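Q: Below you'll find the structure I mean.
The values are calculated or read from the model by the stated rules, or taken from the named source; none is laboratory data. None of the values given here were measured: they were computed from a predicted structure. Cβ sites come from the backbone with ideal geometry, for glycine too, and all protein chains shown count toward neighbours. Ligands, DNA and RNA are excluded from the accessible area calculation, which covers all protein heavy atoms including side chains. Shrake-Rupley method; radii C 1.70, N 1.55, O 1.52, S 1.80 Å.
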Amino acid sequence: MHASEDLTHPRSGPASGAGLDDSIGFLLGAAYRKVSLTLLQQLRDWDITPEQWSMLARICERGGRIQRELGELTGKDKPTTTRILELLEAKGLIVKQPDPKDRRSQRIHATAQGERLLAETRPVERKALDIGLRALTEEDRAQLRQLLQRIVQPPASSLAEAQEEADER
């Protein structure tokens, strides 16, 4: 295959001759931006971004994790995770404590202030999602959630198949 050939999967967009508005990747990105922008506007009074909010939510849900684990749980790379954690720490929303088993690592916990902020803003996040997803019924939302979960957390066999496909290219 030449470098100039379109590598987009035929069922997902431009390679099938369909326009950008039919591209699953484009639509996923546009939907994300729409909901994220709405959430950003809704969170403005708390001086926290959607990116910071999702990291704080993970820390509150699964506190005591190390930075690498939190990055994996939020789908962020190492530099982005580091930046977000530094901002949350500067705002007094999290604390880092030495890992008793590994002095090189730090366990990250939410502070009482961080837990309060998350509790106050959970309804705000739900409202932003309701605004962004208002065109969908509850059944549509449940189906969308299931489909996105399958994409984000594919079964182990799918991971092996995807790796084999990538190796063949």
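Q: Counting only protein chains, not ligands or nucleic acids, how are 45, 102, 21 ordered by accessible area (probe 1.4 Å), most first?
A: Working: 45 140, 102 45, 21 115 Å².
Result of the area sort, largest leading: 45, 21, 102.
Q: Within 15 Å, Cβ to Cβ, of residue 32, how many net charges do the neighbouring residues add up to if Lys/Arg are +1 and Asp/Glu are -1? Present the calculation step by step, with values, prior to reporting the outcome.
A: Details: positive: 33, 34, 76, 145; negative: 51, 125.
Counting the neighbours of residue 32, the net charge comes to +2.
Q: Find the relative contact order for the range 26-84 and round it to a whole percent, using C-alpha pairs within less than 8 Å whose residues are 6+ positions apart. Walk me through the numbers on the way to the answer.
A: Working: 25 pairs, mean separation 13.8, N = 59.
Computed over the range 26-84, the figure is 23 percent.
Q: What is the range 7-146's relative contact order, in percent, from Cα pairs under 8 angstrom and six or more apart in sequence?
A: Values: 138 pairs, mean separation 31.6, N = 140.
It rounds to 23 percent for the range 7-146.
Q: Determine the per residue accessible area of the range 102-142 with all protein chains present and a 1.4 angstrom probe, expressed in square angstrom. Intermediate results must be reported in sequence, preceding the final value.
A: Values: 2850 Å² over 41 residues.
On a per-residue basis, 69 Å².
Q: Under 1.5 on a/c is rounded, so check that first for the range 12-162, then, if it is not, pick prolate when a/b is larger than b/c and oblate when it is not; a ≥ b ≥ c are the square roots of the alpha carbon gyration tensor eigenvalues. Walk me through the numbers on the way to the answer.
A: Working: a/c = 2.26, a/b = 1.45, b/c = 1.56.
Since a/c reaches 1.5 but b/c is at least a/b, the shape of the range 12-162 is classed as oblate.
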